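Worksheet for the structure shown next.
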Amino acid sequence: MSGMKNIIVAVLVVAGTLLYFSVFTVHETERAMKFRLGEVVRADYEPGLHFKMPFINNVRKFDGRVQTLDAEPERFLTGEQKNLIVDTFVKWRIGSTREFYTTVRGSVEEANRRLGVRVRDRLRSEFGRRQVDDVIAGDRALIMDILQEELRDFAANIGVEVVDVRIKRVDLPPNVSESVFARMRADRERVARNIRAQGEEQAETLRAEADRQVTILVAEAERDAETIRGEGDARAAQIYADAFDQDREFFNFTRSLRAYQRAFDGEDDVMVLSPRSDFFRYFEDVEGRD
């Protein structure tokens, strides 16, 4: 009976050992490949529990998370033979586990090395055909798009999927920065002077046009005023003439009254005239007789 127990225990131990070496798990952050005597059998495992033949199959796992290639800043020459210090990084992950293993032997360092060489070559080409002002002003986004498209095709050949490519910064060497910034400042000042000159020219044109319009309006107003005043004077003269024809004596009387009113308008007015003058004739006789 004791021997039977020992046999059962031994069988269970062997079965547990075989089961232990027959299963493997793949996590969500991993990529796995199964080999049979060194030959790749399968490389498309989903996360979960899987089986293998003990001692015949072996499994190798790779980090399936996003990797970062953050190279040291390097110098590149522009089309005008100016040095630029460029700092870039690349985000990538394993796209094809089989290709990744067969081309770079599953080495993240080797993948980074090959991607880094490709990035430097492409950056050297792109910066070599541009001026410093173009790179600093607005071509950085275009260079990143070109670099990502180029690197995506290359990375697919080594089983890598490029997630993102970025140029973190583009700096000028200290001995070049001052001259470039001085030239850019001079260019911007020249543009500002041109804009100010155009604005002043337009302002002078508007002021001249406004002055011309004012002169025209004032002249037309004065002309209309003179016309209206002349018509009024003519109308008044006509009224006076008609009144004079109707009753000349009353007309002379009212005209003298207005003259008296204007003559004695002030408090300190003094007139030295003979009482018998024609000016005071209506004071002695309402009919104005001598």
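The values are calculated or read from the model by the stated rules, or taken from the named source; none is laboratory data. In this text the structure is predicted, and so the values were computed from the model without any measurement. No Cβ is skipped: glycine too gets one built from the backbone with ideal geometry, and neighbour counts run over all protein chains shown.
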Do you know which of the residues in region 21-40 that are surrounded by 15 or more Cβ atoms within 10 Å (Cβ to Cβ) and aliphatic (A, V, I, L, M) is nearest to T102 (Cα to Cα)?
M33
Per-region count, region 179-213, residues farther than 25 Å from L84 by Cα and of a type in the set (K, R)
5
From the residues in region 80-95 that are of a type outside the set (A, V, I, L, M, F, W, C) and modelled with pLDDT of 85 or more, which one is nearest to E46 (Cα to Cα)?
G95
From D224, D145, residue being in a helix (DSSP H, G or I) and either assigned by TED's automatic domain parsing to the domain that holds W92 or in contact with a Gly (Cβ under 9 Å, 6 or more places away or on another chain) (or both):
D145
Only one of (1) in contact (Cβ under 8 Å) with a residue 40 or more places away in the chain; (2) of a type outside the set (A, V, I, L, M, F, W, C); (3) part of a helix (DSSP H, G or I) is not met by G106, so which one is it?
(3)
Applying the selection to region 61-92, what residues are among the small types (G, A, S) and under 28 Å from the mean Cα position of the chain (by Cα)?
G79
Breaking point among (1) part of a helix (DSSP H, G or I); (2) over 21 Å from Q131 (Cβ atoms); (3) modelled with pLDDT under 90, for V165
(1)
Within the bounds of region 130-150, is there any residue that is touching an Asp or Glu at 6+ places or on another chain (Cβ under 6 Å) and within 19 Å of E72 (Cβ to Cβ)?
yes
Could you tell me whether region 68-79 includes any residue that is over 30 Å from R124 (Cα atoms) and either surrounded by 10 or more Cβ atoms within 10 Å (Cβ to Cβ) or at pLDDT below 80 (or both)?
no
Residue under question is F62, and the condition is that it be free of Cβ contacts under 8 Å to residues at least 60 places away in the same chain and aromatic (F, W, Y); does it hold?
yes
